[in-house]
Amino acid sequence: MGSCDVFRPRLPLDPFVDALPPWHTDPDTDADPHTLLVLGAPNHADLAPLLRSAHLASTLVLIATHTPPPVPADAQCPVVILRLPGPLDIHDAGAVRLVALLDRAQR
């Protein structure tokens, strides 16, 4: 069998430092909090730029994974890890498990 290439972006430590935020929020008028959902098995190098970004400081980061990565001590945003019993594969009723996971995250 052939090898599988894995996409690993090479981002700067804070990819948002020189850019405008992708959304405009006004704390006085916006009642909805922002949430970033990360699915799968991200490693520390993939998550570090997001978790250290000052632009995401008020964003809740939900990481749904069966292999929780270490969260940096200097993370700028709140992080919640939702532990999965196994990977979210298409096989093994992955879609049903994803819906149950999102329902659990809502509570």
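Around the amide H of Val38, modelled in the peptide plane, lie the amide H atoms of Leu62, Ile63, Ala64, all under 5 Å away and 5 or more residues distant in sequence or on another chain. Couplings for the range 37-48, taken from phi via the Karplus curve 6.51 cos²θ - 1.76 cosθ + 1.60 with θ = phi - 60°, read 9, 10, 10, x, 10, x, 9, 4, 5, 6, 8, 3 Hz in order; Gly and Pro are left as x. For the pair Ala57 and Val6 in one chain, pulling the backbone fully straight at 0.36 nm per residue adds 15.5 nm over the alpha carbon distance.
Just so you know, all these numbers are worked out from the coordinates, no wet-lab data involved. Everything numeric here is computed off the predicted structure, so don't read it as measured data.
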